[in-house]
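To start, the structure under review is shown below, and the notes come after it.
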Amino acid sequence: MRNIYSISVQDINGEMVSISKYQGKVLLIVNTASECGFTPQLRQLEELYQKFNSRGLEILAFPCNDFGGQEPLQGKEVKEFCSLKYKTTFPIFNKVRIKGLKPSELYAYLGSTRESGKWTISPKWNFHKYLVDRNGRLVDFFLPNTSPLSSSVVTKIEKLLPR
């Protein structure tokens, strides 16, 4: 079985980045969209990032237009929107496909119980969150309507981070 660190993704500038760059970190991987009812969660994600980044949390945002066509922006427009409107500083990657015949390798991995080794589901809407521990194991997922600052998310992240 492959692991998450064998996967590479395209950053917002179009450069390939291996997820192994984040080895040893706790990851919260989120598919985002700028015109979604859940878009204000970007502010909450940033708050979470500011609170826990120094302890080893990385939030990886992947814009996606698969759900309701709610991400019309491209490349650096997405980053500008997020940083100007929501003051985000966490990594934002290039737009990905999540559903259909050719989902991104990362989302095919995260959405496959067989691949990830953990029961899971593929995102059904924007702002689906996957939690990955410091060893690259998928440990949980949170549905779009779960606030990044909810006790269920924060408690699980705190348990995974070093004290």
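The values are calculated or read from the model by the stated rules, or taken from the named source; none is laboratory data. Keep in mind that this is a model prediction, so the values were computed, not measured. Positions of Cβ are generated from backbone atoms using ideal geometry, with glycine treated the same way; all protein chains shown enter the neighbour counts.
On the stretch given as segment 15-52, residues that are surrounded by 15 or more Cβ atoms within 10 Å (Cβ to Cβ), assigned to a helix (DSSP H, G or I) and not charged (D, E, K, R) total 9. A single entry from G100, G111 fulfils the requirement of being under 25 Å from M16 (Cα atoms), surrounded by 15 or more Cβ atoms within 10 Å (Cβ to Cβ) and without any contact (Cβ under 8 Å) to a residue 40 or more places away in the chain: G111.
Counting only residues that are of a type in the set (S, T, N, Q) and not in a loop (DSSP other than H, G, I, E, B), which one in segment 100-122 is modelled with the lowest pLDDT? Among those that are of a type in the set (S, T, N, Q) and not in a loop (DSSP other than H, G, I, E, B), it is S116.
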